[in-house]
Amino acid sequence: MSADTHSHHDDHHDDHHGDHDHGTMGQLMIGFALAAILTIIPFGLVMAEVEMDRTTLVGIIMGLGAVQIVVHLKFFLHLSTKSEEGSTFMSTMLAVIILVIVLAGSLWVMHNMNENMMPEHEMDQMIEEMQSLQSQQG
């Protein structure tokens with residue numbers, strides 16, 4: 001490989017990195033600090049057993065989780081809406097939409113199952129009634 005070819009390869013390599021901003025150490029530390037804070041807050045709320053409505057608590061945790069996703073996308077994955085990264089951005093948005101649908105659907109199903117499950121004492125009463133009916137018939 002000649003010196004000319006090597007030099008041209010290095011220029012192309014440098015240009016490629018110049019197009020994509022991978023963030024400075026300061027930006028990475030800001031991202032890390034935000035991610036840590038967004039993890040510590042929900043953890044603290046749960047561990048301290050803060051007196052608040054369970055639905056509100058779950059909403060706060062999910063909201064902070066969503067913010068943390070945005071922090072990771074911006075500070076660590078360097079996702080932007082620039083034209084050359086547009087398809088990556090759109091793919092990520094589709095993934096986020098699918099994730100939101102799956103999470104919301106899962107929470108909805110779990111909530112409805114919890115609301116509609118028969119309490120244990122009512123089930124015990126039903127079993128006793130069925131047994132007494134069977135013993136009367138037999």
Legend entry - Test result for Val71, surrounded by 10 or more Cβ atoms within 10 Å (Cβ to Cβ), more than 25 Å from Gly26 (Cα to Cα) and within 13 Å of the chain's Cα centre (by Cα): no
Inset, instruction - Inspect all residues belonging to region 82-93 and state whether any of them is under 18 Å from the mean Cα position of the chain (by Cα) and in contact (Cβ under 8 Å) with a residue 24 or more places away in the chain. - result: no
Inset, instruction - Scan Leu79, Leu38, Leu34 and give me the residue that is surrounded by 14 or more Cβ atoms within 10 Å (Cβ to Cβ), within 18 Å of the chain's Cα centre (by Cα) and outside any helix (DSSP H, G or I). - result: Leu79
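Computed from the coordinates by the stated procedures, all read-outs in this text should not be read as laboratory data. Because the structure is predicted, anything quoted here is derived from the model rather than measured. Positions of Cβ are backbone-derived with ideal geometry, glycine not excepted, and every protein chain shown enters the neighbour counts.
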